[in-house]
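K.L.:
Below is one structure. I have some questions about it.
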Amino acid sequence: MSTAYPLPTNLSTTTVTNTASLLRIVALGLISAAAIASRLFAVINFESIIHEFDPWFNYRATRVLASQGFYEFWNWFDPTAWYPLGRVVGGTVYPGLMATSGVIYNFLHAFHLPVDIRNICVLLAPGFSALTAWATYMFTKEMKDESAGLLAAAFIGIVPGYISRSVAGSYDNEAIAIFLLMFTFYCWIKALKTGSALFGTLAAVFYFYMVAAWGGYAFITNMIPVHALTLMLMGRFSSRLYVAYCSWYAIGTLSSMQVPFVGFQPVRTSEHMGALGVFGLLQIVAFAQLARSHLSSKQFQNLLTVSVVAMGVVGTFGFIALTYMGWIAPWTGRFYSLWDTGYAKKYIPIIASVSEHQPTAWPSFFMDLQLLIFLFPAGVILCFRELRDEHVFVIIYSVVASYFAGVMVRLMLTLTPVVCVSSAVAFSSLIDTYLDPTQPEGEEESEADSSNGTNTAATPSKKEKAKKPAASTSALNDIVTAATSQSSSKSKSKGIWGLDTRLIVIVNAIGMLSFFVFHCTWVTANAYSSPSVVLASTNPDGSQHIIDDFREAYYWLRQNTPQDAVVMSWWDYGYQIAGMADRPTLVDNNTWNNSKSHIATVGKAMSSSEEVAYPILRKHDVDYVLVIFGGLLGYSGDDINKFLWMVRIAQGVWPDEIQEPNYFTPQGEYRVDDRASSAMKNSLMYKMSYYRFAELFGGNNAMDRVRQQTMPKVGPTLDYLDEAFTSENWIVRIYQVRKEDLLGRDLKSANAFAQGKKKKKSKPVSRRKAIPV
Amino acid sequence: MLQCWRALTLFLLVSAASVFAASSLSFENSAIVRTVDLGGSLVHVTTTFAAKALEPKASAYTITLPEDEIQRTSWLEVKIKGQQQPLTVKYGGAPADGKFYNLDVQLPNPVEVDSTVNIVLETIQTHATYPWPERAAQQDEQSLKYNTTLFVLSPYKTNVQRTKVKSPSPEVRSYTTPKDVDAFTLESPVTKSGATITYGPYNNLPVSATNEWVTKNQQLIGIHYKYDYPVLELTQVKRVAEISHWGANLNIQDDIVLYNAGPELKGHFSRLEHQTQSFYKRAAAHVIPALSLHLPAGIHDVYYYDLVGNVSTSRLRAAPSVPKNSRSNQYSVMELRPRYPLLGGWNYTFTLGWDSPLADSASYDASTGKYIVQVPIMTDVPGSVVNECEVKIILPEGATDVEHVLPFPAVSTEESTHITYLDTLGRPVITFKYKNLTTKHAKPIYVSYKVPSSAHLRKPVAVATALLGLFVFGMFARRVDLTLHKKTA
Amino acid sequence: MKWSAFLPLFLLPAAFAATKDKDAVREQLIDLAAKGNGLIKLDSKTFDLLTLPSRDWSASIQFTALDRRRRCAPCKEFDPSWNAVAKAWSTAPKEHRDTHFFGTLDFDEGQTVFQKLGLASAPLVYVYPAAEGPRQLPNGKTAPSKYDFSNGFEAEPLANHLSSHTPIPIPYRAPIDWARWATFISGILSLVLTLRFISPILQSRWTWAAITVLTSLTMTGGFMFTRIRGTPYTGPDGSWIAGGYQNQYGQEVQVVALIYGTLSFAFLMLTVIVPYQSSASRQRMQVYLWSAVIMLIYSVLVTIFRLKNRGYPFKLLL
């Protein structure tokens, strides 16, 4: 036989395999290093700090866990959240994340490594991303082979779609969830292939961990049953399937019910009913199989039909009945909004208002997955080519996940692993084909295959090709005819002639891969590595300038206000205030409980006039009100831009007091300058944002750099609030709520009186110059 | 009373054991001049006694201070005018039911009859001034009040005494005019010229350190003056100095609670006002926008953070490291801005730390085989007082026979152990506590200890064994086969 | 439409209706409402009648521009549900029905009114509360309140909202969509029937492969975004690609999906088909061909992406 390029002949098979495994280990090590390193941009550019909003709560909870131990954490009642309700943290949180870092913390300290808990929290996500790479490797290995596995590991190690949720400092449930997801799936596949109860149990254990860690566990809860169901429909029921599924479901469900936050949901809510149903169906089918082995086919047919139909009917009706009797809760809003996409906006504006619940436009797909996004269908096709049970899993996963990712940006995260896997399959089979040195010659296919057998280490996939069922080849045959107009000769000597052909494809492939690396680095560095708590701008001389207003204001609150001062802000900032300023907050990011009315109250206070808002503030003993204002700096994520959501949410509860249209100009524009509607101008939010803003510009007219609108010369005045603190770039503004006037006057007139007195005493401060910022 | 004792032990210099016999006849003061340099949180008081000996071989002179002054004095020193060497002072105890205390000064050489010796008493008072009015709005100016007694007491007769009060700015809002002092002076009892207010001269004072005289004549005087600099107060400073021989590194870290002791902010803070003021370069006197600290030379890796993370607004001008005990007064300048400008009555806490090469501050004494390390008690924040200071010195693991020398006695000293990175036994720690420290107290503590070379090796050995054990375990675990029934593949 | 013939008939009295007392006006309105089965087709004069300052009835009025020239798609979209609600109200018991009226004012019939109210956009729904009489609002508010389209053009929420202004809730019942049911059932039946014929196709994996790939291609092409946001197929200026990173038109879905499809198809060819070629020359030719295709299409894709994301620094061949 001829080879395209000379091969060393004096290598024993053991040498080859050992070298291969050593190389694999080294490669995995390097991949992990790359995965961790590429997530450290935030730490290097800024500092080791917790990012964004939710992580601040996780961090706070973890500190409690680390300092006071697990039981204290378990029974922790946090009086500062949702003032005055408070929050039973132990029962309303997925403890997996905190428990993980707590364990790591205690482990390190047991070895006298006094690592700060903050650093553990910050670096948890990168660390787990390395594990994810490994899990993906194992998973893909089951799909194709080691080489594909390594590719997949490399992909998921650096793909932005995953980095976006796992940079150092984004200490959120997803940080560990994706590893658990992939490893659970790996265990499931392994269990399915080997039919071992051990792996089934492992899958259950990791499923439990996942349940404890992330609300997204429902994805596994439905993914695995769907897979099992499809296999049954394809007539692929086997004892392996039975063992794997039953061991997973039984143990997994029971253990998942141990998480207080989940409790009895696995038997009470619709999200989990699919798994139960498939479990039942499996029993029926297994019973049918058993019966078949004992009965003659005639009786069997009757028995089977009767029993299956009967049980099926009973099951369905039972389910429906239970749902109507209210024993089984229907789909919860968040899940339901995945199917009826208009649902959230109409009925749960709080969910709809979150930016990461918006649908995904194609650029973000490309941004997050780049070349994987179009390799992915090819991989799916290849999975169809040799349709083993695990391939069915990948196929289903790809369909479901791509739908979800389309509906919600944040679910891109669940799509990413399968994309990495299947595109790795596609890519590695391409490379396999073109690295394989054997040249086809005439009819000797068998020899070619055996020769493939020799250099197994390089291309083990050939073996599978060799024992590929005839069906797929014939099927393949008809794509051949479909694809290339000419009908290929029946002589299946497959392979590539010549070196140049190999070269061009390989070079092309390598080029694309390196482009991918550049892309990922750029996206990670520019899009996903800023901890939204600290903003960075560049000085004229190009050096980096840190804008630290949030921490400035929070720290001021922490140092110079009474310990029990209640701070009201829009719910986005609740966790940060609790974490950094250590003060009670009215509402925070924990919106899962239908504290809708509570949030709506804040929304109403913000969007209604001072006179209306003041009683609300006093009733909730609010001492300070905090607003985010970007107008001076051009920081677009400020409260005025979020204002409409406050209005909408308030309108949902008080439709006759707050109406969204009143906040637009008659022409339906959203303006803040002198053409703004009166409701807008009188709203507390508007007043607090622009209080004394115009004066900053002295004579020249004040410019809101976010809305790009010039503000009126005379700014709004406040009668019921005092400006207490404003951060350096005016991003955070804190106002103190006045106590009732001692003389019993309403504060407006009292204020007017005081103003009059002051005017007589001292001439009003006049003509300021603009301060360059 | 105990409280008073502790306060007192602070500023007694190393006291000789010798006992004096002070009699009211041994001296007479031909002149007493007291100069009070008013400041923010620190007030320098210098009193010069021109003492004329009345009897031969008079070598013990007694200085009397009223109680409240003792309470607020954080440092004192007695010298013969024109000499460097401070004299030994002994706390002579209070006369029965006296409101004042005696300090017995041991003169270096006995004074002949009728010859005069000039004794200079220099003290620094803390918490002696208070803002008046107590609350000031953002653009108001700040003025302080200082109270003291009119007469300098003395157990001897005094021919003439006067008190000069120097205000930092000529704008003295008000000062008390002492009443019925005609017995001692003929012209006006107080005169003001520029920023200086002079009480006296008062002539022919009898022995004044007696209760009846005090109750009869002594009276309080107060000065109300404008002060143009913020009144700084470091409520608490916790210093941790960690010595690492492996890293040849001395790490010093201060946890500081900063407090603006000026008049409390009236009303609210307006960023607009603040930016306007700083734009027109007329920032209010009682606002602390930034601090500039003098850190030792040759430091590196300076970090400045607080409870919510790194503070990016600081600049360091590091000076190159200088050889030990060379008298060059080089230092690195650290300019740090708090997250927010510190207005009257506001707090700010932060942590400041740095590394410095151990060689700069440590030396090895071959003869005794001991290392000697010097650790400064505090970093001087100019014009500020440190209410409570805790210095914790962490010696390398396995350090033995630890000794230390203090520049002045601590309130309390305790020893403990501290376990950190990969320690097996933990490191010896000495902790000193101080109160009311001022610029004068920024002196080094000397610690000497032995470290056997075995102690040096302990850590690497421990780590190596741990890893080795891991690998060995891995080696075996890899090769053990636990499958129940072998597959015949 | 026949009823424009009536127009002159009642315009005549309408002319000096202002002088007449409001009972007459109400009679006339009732009459009109009856004609337009529940809905009064307004012009500037009848509008003044309906919104008489001394009215003791309430009215909800739709301002729209249904004329084709106005090119107001939402107007057409909203009109049916408006008519449905008005019709539903006409079935309310008489004593209630005559205290609340539904009117529609088309831009082309009441430009003066549009100018007077300073309306720049359509459709709009104003509810005029009663200015006098028993049904006057407790707070004595007579200014019209505006209906908020934030939850869509459907009739259901509209009816719910208006019911708070009518004396009794509007007896609106969503019509049963017979057509849908019919298609659904017939679909089921036809499926069952054809099942036995097409079962071989259903059992061929490649059918499913096609379905799967097409689904994931459309999804990753951003189909759901256009569905949920209801973005148009192309821009108003006929541009097929929307500016901005977080936005896209319907046509982009097709283009992008097509590009993705082509690329992965090329990969498949290289991986699956090419090795089975029997002649070296043809194989070589194909290898070069498909590699070229990949490079080319990929560069096109990157270029398009650069259009969407201005800051993107990389580019390929073009």
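The values are calculated or read from the model by the stated rules, or taken from the named source; none is laboratory data. Fair warning: this is a prediction, and the values are worked out from it, not measured in the lab. Here Cβ is always computed from backbone atoms with ideal geometry, including for glycine, and neighbour counts include all displayed protein chains.
K.L.:
Just the residues that are buried (at least 24 other Cβ atoms within 10 Å of the Cβ) and either at positive phi or facing another protein chain (nearest Cβ under 9 Å) (or both), please, taken from region A:371-381.
P.N.:
Selection gives A:Ile373, A:Phe374, A:Leu375, A:Phe376, A:Pro377, A:Ala378, A:Gly379, A:Val380, A:Ile381.
K.L.:
Quick one: in region A:634-651, of everything that is more than 10 Å from chain C (Cβ to nearest Cβ) and over 14 Å from A:Tyr686 (Cβ atoms), which residue is surrounded by the fewest Cβ atoms within 10 Å (Cβ to Cβ)?
P.N.:
Of everything passing the filter in region A:634-651, A:Ser636 is surrounded by the fewest Cβ atoms within 10 Å (Cβ to Cβ).
K.L.:
Just name the residue that is modelled with the lowest pLDDT out of those in region A:289-306 that are in contact with a Phe, Trp or Tyr (Cβ under 8 Å, 6 or more places away or on another chain) and either among the hydrophobic types (A, V, I, L, M, F, W, C) or under 22 Å from A:Val226 (Cα atoms) (or both).
P.N.:
A:Ala291
K.L.:
All but one of (1) assigned to a helix (DSSP H, G or I); (2) of a type outside the set (A, V, I, L, M); (3) modelled with pLDDT of 90 or more hold for A:Asn751; state the number of the condition that does not hold.
P.N.:
Result: A:Asn751 fails condition (3) only.
K.L.:
For region C:235-262, give me each residue that is in a helix (DSSP H, G or I) and free of Cβ contacts under 8 Å to residues at least 40 places away in the same chain.
P.N.:
Listed by number, the residues that qualify are C:Gly250, C:Gln251, C:Glu252, C:Val253, C:Gln254, C:Leu258, C:Thr262.
K.L.:
Tell me, please, whether a residue that is free of Cβ contacts under 8 Å to residues at least 24 places away in the same chain, part of a helix (DSSP H, G or I), touching a Ser or Thr at 6+ places or on another chain (Cβ under 8 Å) and of a type in the set (Lys, Arg) can be found in region C:300-313.
P.N.:
Checking region C:300-313: not a single residue is free of Cβ contacts under 8 Å to residues at least 24 places away in the same chain, part of a helix (DSSP H, G or I), touching a Ser or Thr at 6+ places or on another chain (Cβ under 8 Å) and of a type in the set (Lys, Arg).
K.L.:
Got at least one residue in region C:275-282 being among the charged types (D, E, K, R), farther than 24 Å from A:Ala405 by Cβ, more than 39 Å from the chain's Cα centre (by Cα) and at the interface with another protein chain (Cβ under 7 Å from one of its Cβ atoms)?
P.N.:
No, every residue in region C:275-282 fails to be among the charged types (D, E, K, R), farther than 24 Å from A:Ala405 by Cβ, more than 39 Å from the chain's Cα centre (by Cα) and at the interface with another protein chain (Cβ under 7 Å from one of its Cβ atoms).
K.L.:
Quick one: which of C:Ile211, C:Ile185 is facing chain A (nearest Cβ under 9 Å), modelled with pLDDT of 85 or more and farther than 30 Å from C:Asn309 by Cα?
P.N.:
C:Ile211
K.L.:
If only one of A:Phe393, A:Phe374, A:Phe384, A:Phe366 is of a type outside the set (D, E, K, R) and in contact with a Leu (Cβ under 6 Å, 6 or more places away or on another chain), which one is it?
P.N.:
Numbers: A:Phe393 fails: in contact with a Leu (Cβ under 6 Å, 6 or more places away or on another chain); A:Phe384 fails: in contact with a Leu (Cβ under 6 Å, 6 or more places away or on another chain); A:Phe366 fails: in contact with a Leu (Cβ under 6 Å, 6 or more places away or on another chain).
Answer to the selection: A:Phe374.
K.L.:
Taking the residues in region B:413-463 that are away from chain A (no Cβ under 14 Å), of a type in the set (Gly, Ala, Ser) and farther than 12 Å from B:Lys392 by Cβ as candidates, determine which candidate is nearest to the chain's Cα centre (by Cα). Walk me through how you get there before you give the answer.
P.N.:
Applying the first criterion (away from chain A (no Cβ under 14 Å)) to region B:413-463 yields B:413-416, B:428-457, B:460-461.
Among the residues that remain, those that are also of a type in the set (Gly, Ala, Ser) are: B:416, B:442, B:448, B:453-455.
This time we only want the ones that are farther than 12 Å from B:Lys392 by Cβ, so: B:442, B:448, B:453-455.
Working: B:Ala442: 6, B:Ser448: 23, B:Ser453: 38, B:Ser454: 39, B:Ala455: 36 Å.
Going through the qualifying residues, I end up with B:Ala442.
K.L.:
Can you give me the ranges of the strands (runs of 3 or more DSSP E) entirely in region B:103-163 with at least 2 residues that are aliphatic (A, V, I, L, M)?
P.N.:
Qualifying strands (runs of 3 or more DSSP E): B:116-126.
K.L.:
With a cut-off of at least 2 residues that are without any contact (Cβ under 8 Å) to a residue 24 or more places away in the chain, name the strands (runs of 3 or more DSSP E) lying wholly within region B:374-420.
P.N.:
Fully inside region B:374-420 and qualifying: B:412-418.
K.L.:
Quick check on my filter: what residues within region B:43-73 are basic (Lys, Arg) and in a strand (DSSP E or B)?
P.N.:
B:Lys52
K.L.:
Another one. I'd like to check something: does region A:512-535 contain any residue that is out of contact with any helix residue (DSSP H, G or I) (no Cβ under 6 Å at 6 or more places or on another chain) and in a strand (DSSP E or B)?
P.N.:
yes
K.L.:
If I ask for residues that are within 14 Å of chain A (Cβ to nearest Cβ) and either closer than 22 Å to B:Leu38 by Cβ or under 16 Å from the mean Cα position of the chain (by Cα) (or both), which ones from region B:256-282 would you list? Full working, then the answer.
P.N.:
Filtering region B:256-282 for residues within 14 Å of chain A (Cβ to nearest Cβ) gives B:256-260, B:264-282.
Those that are within 14 Å of chain A (Cβ to nearest Cβ) and either closer than 22 Å to B:Leu38 by Cβ or under 16 Å from the mean Cα position of the chain (by Cα) (or both): B:Ile256, B:Val257, B:Leu258, B:Tyr259, B:Asn260, B:Glu264.
K.L.:
Name the residue, out of C:Thr226, C:Thr271, C:Thr220, that is free of Cβ contacts under 8 Å to residues at least 40 places away in the same chain and either more than 8 Å from chain A (Cβ to nearest Cβ) or under 30 Å from A:Gln358 (Cβ atoms) (or both). Before the answer, list the steps.
P.N.:
Values: C:Thr271 fails: either more than 8 Å from chain A (Cβ to nearest Cβ) or under 30 Å from A:Gln358 (Cβ atoms) (or both); C:Thr220 fails: free of Cβ contacts under 8 Å to residues at least 40 places away in the same chain.
Among C:Thr226, C:Thr271, C:Thr220, only C:Thr226 is free of Cβ contacts under 8 Å to residues at least 40 places away in the same chain and either more than 8 Å from chain A (Cβ to nearest Cβ) or under 30 Å from A:Gln358 (Cβ atoms) (or both).
K.L.:
What are the residues in region A:48-69 that are in a loop (DSSP other than H, G, I, E, B) and crowded, with 19+ Cβ neighbours inside 10 Å, if any?
P.N.:
Narrowing region A:48-69 to residues in a loop (DSSP other than H, G, I, E, B): A:48-53.
The answer is A:Ser48, A:Ile49, A:Ile50, A:His51, A:Phe53.
K.L.:
What are the residues in region A:354-368 that are facing chain C (nearest Cβ under 8 Å) and either in contact with a Cys (Cβ under 7 Å, 6 or more places away or on another chain) or closer than 19 Å to A:Ser422 by Cα (or both), if any?
P.N.:
A:Phe365, A:Phe366, A:Met367
K.L.:
Criterion first (in contact (Cβ under 8 Å) with a residue 60 or more places away in the chain, loosely packed, with under 12 Cβ neighbours inside 10 Å and touching a Lys or Arg at 6+ places or on another chain (Cβ under 9 Å)) does B:Asp114 satisfy it?
P.N.:
Here the answer is yes, as B:Asp114 does meet what is asked.
K.L.:
Only one of B:Val287, B:Val322 is crowded, with 20+ Cβ neighbours inside 10 Å, more than 17 Å from B:Thr379 (Cα to Cα) and not polar (S, T, N, Q); which?
P.N.:
B:Val287
K.L.:
Looking for whichever is closer than 29 Å to A:Asp564 by Cα and surrounded by 22 or more Cβ atoms within 10 Å (Cβ to Cβ) here; the options are A:Ile599, A:Ile616. Which one fits?
P.N.:
Within the list A:Ile599, A:Ile616, the selection yields A:Ile599.
K.L.:
On to the next question. Return yes when A:Phe199 is in the same structural domain as A:Ile284 (by TED's automatic domain parsing), assigned to a helix (DSSP H, G or I) and either of a type in the set (Phe, Trp, Tyr) or buried (at least 23 other Cβ atoms within 10 Å of the Cβ) (or both) and no when it is not.
P.N.:
Yes; evaluated as a whole, the condition is true for this residue.
K.L.:
Test of understanding: among A:Gly169, A:Gly215, A:Gly235, A:Gly200, which residue is at positive phi and touching a residue at least 40 places away in the same chain (Cβ under 8 Å)?
P.N.:
That would be A:Gly169, the only listed residue that is at positive phi and touching a residue at least 40 places away in the same chain (Cβ under 8 Å).
K.L.:
Now, a different point. Which of the residues belonging to region A:382-399 are in contact (Cβ under 8 Å) with a residue 12 or more places away in the chain and at the interface with chain C (Cβ under 7 Å from one of its Cβ atoms)?
P.N.:
Once the filter is applied, which keeps residues that are in contact (Cβ under 8 Å) with a residue 12 or more places away in the chain and at the interface with chain C (Cβ under 7 Å from one of its Cβ atoms), region A:382-399 yields A:Leu387, A:Ile395, A:Ser398.
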